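Trainee: Mind having a look at this structure? Questions to follow.
Values quoted throughout were computed directly from the atomic coordinates according to the rules given, and no laboratory measurement underlies them. Treat the numbers as computed from the prediction; the structure is a model and nothing was measured. Counting neighbours? That spans all protein chains shown, and the Cβs are built from the backbone with ideal geometry, glycine included.
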Amino acid sequence: MLPKLYIVIPCYNEQEVLPITGPMFLEKLNSLSAKGKISPESRVLFVNDGSVDRTWEIITELSQKDEHYIGISQSRNRGHQNAVLAGLMEAKDNCDITISIDCDGQDDINAMDEMVEAYLDGCEVVYGVRASRETDSFFKRFTAQSFYKFLSAMGAEVVYNHADYRLISSKVLKEFANFKEVNLFLRGLVPLVGFKSTTVSYDRAERIAGKSHYPLKKMIALAVDGITSLSVKPLRLITGFGIIVALVSFVGVIWALVTALRGNSVPGWASMTCIVCFVSGVQLISLGIIGEYVGKIYMETKGRPRYIISQRTWDKQEKEDK
Ligand code: UDP
Ligand code: MG
């Protein structure tokens, strides 16, 4: 039997791009199904992430035009990661494979052919990896690359240059559903589920329209979230650093005692001030890092829902049918 594919697309305030890219996704779906790679029952699943523009109206219009388009809407904006998760969880019981992709046309949809091919060859997860970043500005390229390097240095295992364009089979998603954490960093979590995986490289284009929702500030927040939800290495670094400072202090104490006993101690204002400033700075940073983890624990213990779906395009049709 041919696998049923759901293309999962998070959309937040994308009224400019959706009318252009929506049909592109459908075309890809149709071509895959014409080639006999996927079932004709496959779907393009949009996840409206609490947009404040016409995004949801566009999605409902599309779904009325063609049954291959379906959509769900989150009750409010919850961020890209939660939107993707909502779509994947919605899809997992209705299909065999999912491909998550951004709706702005930056990720080359032609890589889907290779992804599906890899699935048919027995892979359960296929990561889309950017072959080049020539179209990105130097700044975006530099920050994005530092992002991956920093993550791996901090012990968070991620696939280099892979964002959230990937194929996941429903078999993997069913296991993934048991990862209950509310601090979501999908690209770090998916490798933890395991199963046979591979990568497919593609060229990343520029956004077709609209503008990026990931300025530097959000990228840093995502990096901090990624590290603290995947690894405790920063805590270990603090401990390591604490030990070094303690050892150096020990030498300092002996030096201070010897100097004092010899009777040639001087007021030493400058050295005292430097040490106090330095050590208190280190302590504050350490507290901040520990606080980051405490905050994570706090959010996890609440166990709040990770997404709330307020509307589905097919609900509406059922209502109209009645
Ligand atoms: N997105 C979302 N919720 C948000 C922000 C973004 O669902 O709060 C979606 C957005 O519509 C797009 C994808 O996530 O499909 C990636 O966002 P964007 O293109 O702005 O990020 P970039 O590609 O610049 O990193
Ligand atoms: Mg984008």
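Trainee: What distance in nm separates the two pseudo spin-label positions at Ala205 and Trp314, each 7 Å out from Cα along the beta-carbon direction?
Mentor: Taking the simple label geometry, Ala205 and Trp314 are separated by 3.0 nm.
Trainee: What does the highest-first list of 193-203, 6-16, 302-312, 254-264 look like by mean Cβ count within 10 Å?
Mentor: So the order, starting with the most tightly packed, is 6-16, 193-203, 302-312, 254-264.
Trainee: A follow-up question, please. Using the alpha-carbon atoms, what tilt in degrees (0 to 90, nearest 10) does helix 55-65 show relative to the longest principal axis of the chain?
Mentor: Orientation of helix 55-65: about 30 degrees from the principal axis.
Trainee: Report, in whole Å, the centroid distance computed from the Cα atoms of the range 272-287 and the range 88-102.
Mentor: Answer, in whole Å: 49.
Trainee: Moving to a separate point now. In a Gaussian network model over the chain where Cα atoms closer than 10 Å are linked, find which of Val251, Val158, Val232 has the largest mean-square fluctuation.
Mentor: So, out of Val251, Val158, Val232, the one fluctuating most is Val251.
Trainee: If you don't mind, another one. Can you compute the helix-only [θ] at 222 nm over the chain? Use -39500 (n - 2.57) per DSSP H run of at least 4 residues, normalise by all residues, nearest 500 deg cm²/dmol.
Mentor: -17000 deg cm²/dmol
Trainee: Find the percent of Cα-Cα distances in the range 17-168 that exceed 22 Å, and round it to a whole number.
Mentor: Here the long-distance tail beyond 22 Å is 46 percent of all Cα pairs in the range 17-168.
Trainee: Counting DSSP beta bridges with both partners in the chain, what percentage is antiparallel, nearest 5?
Mentor: 35 percent
Trainee: By the gyration tensor of its Cα atoms, with a ≥ b ≥ c the square roots of the eigenvalues, what is the shape of the range 39-106: rounded for a/c under 1.5, prolate for a/b over b/c, or oblate?
Mentor: It is oblate, given that a/c is not under 1.5 and a/b is not larger than b/c.
Trainee: Next question. Convex hull over the Cα atoms of the chain, averaged projected area in nm²?
Mentor: With the hull built on Cα positions only, its mean projection is 21.0 nm².
Trainee: Give or take rounding to whole Å, what are the principal axis extents of the alpha carbon atoms in the range 126-240, in descending order?
Mentor: Here the spans come out as 39, 38, 23 Å, largest first.
Trainee: Measure out, as a whole number of angstrom, how far apart the alpha-carbon centroids of the range 31-86 and the range 1-28 sit.
Mentor: If we compute the Cα centre of each part, the gap is 6 Å.
Trainee: Can you give me the angle between helix 269-302 and the longest principal axis of the chain, using Cα atoms only, in degrees from 0 to 90, rounded to the nearest 10?
Mentor: The two axes meet at around 30 degrees.
Trainee: Please compute the net charge surrounding Lys180, taking Lys and Arg as +1 and Asp and Glu as -1 over other residues with Cβ under 9 Å from its Cβ.
Mentor: Net of charged neighbours comes to -1.
Trainee: Let me check I've understood the local charge: for Ser31, count other residues with C-beta under 12 angstrom from its C-beta, Lys and Arg +1, Asp and Glu -1. What total comes out?
Mentor: Neighbourhood net charge equals +1.
Trainee: Measure nothing fancy, just the Cα-based angle from helix 18-34's long axis to the longest principal axis of the chain, in degrees from 0 to 90, nearest 10.
Mentor: Once rounded, the angle reads 70 degrees.
Trainee: Express in whole angstrom the spacing between the alpha-carbon centres of the range 114-156 and the range 206-257.
Mentor: So the two Cα centres are separated by 23 Å.
Trainee: Suppose the Debye formula is applied to equal point scatterers at every Cα of the range 191-233; what is log10 I(q)/I(0) at q = 0.15 Å⁻¹?
Mentor: For the requested q values the scattering log ratios are -0.72.
Trainee: Here's something else I'd like to know. How do Asp104, Asp66 line up, fewest other C-beta atoms within 10 Å first?
Mentor: So the ranking, lowest neighbour count to highest, is Asp66, Asp104.
Trainee: If you take every residue apart from Thr198 with its C-beta less than 12 Å away from the C-beta of Thr198, what net charge results, scoring Lys and Arg +1 and Asp and Glu -1?
Mentor: -2
Trainee: Okay, moving on. How would you order 77-83, 173-179 from highest to lowest mean count of nearby Cβ atoms within 10 Å?
Mentor: Peptide ranking by packing, descending: 77-83, 173-179.
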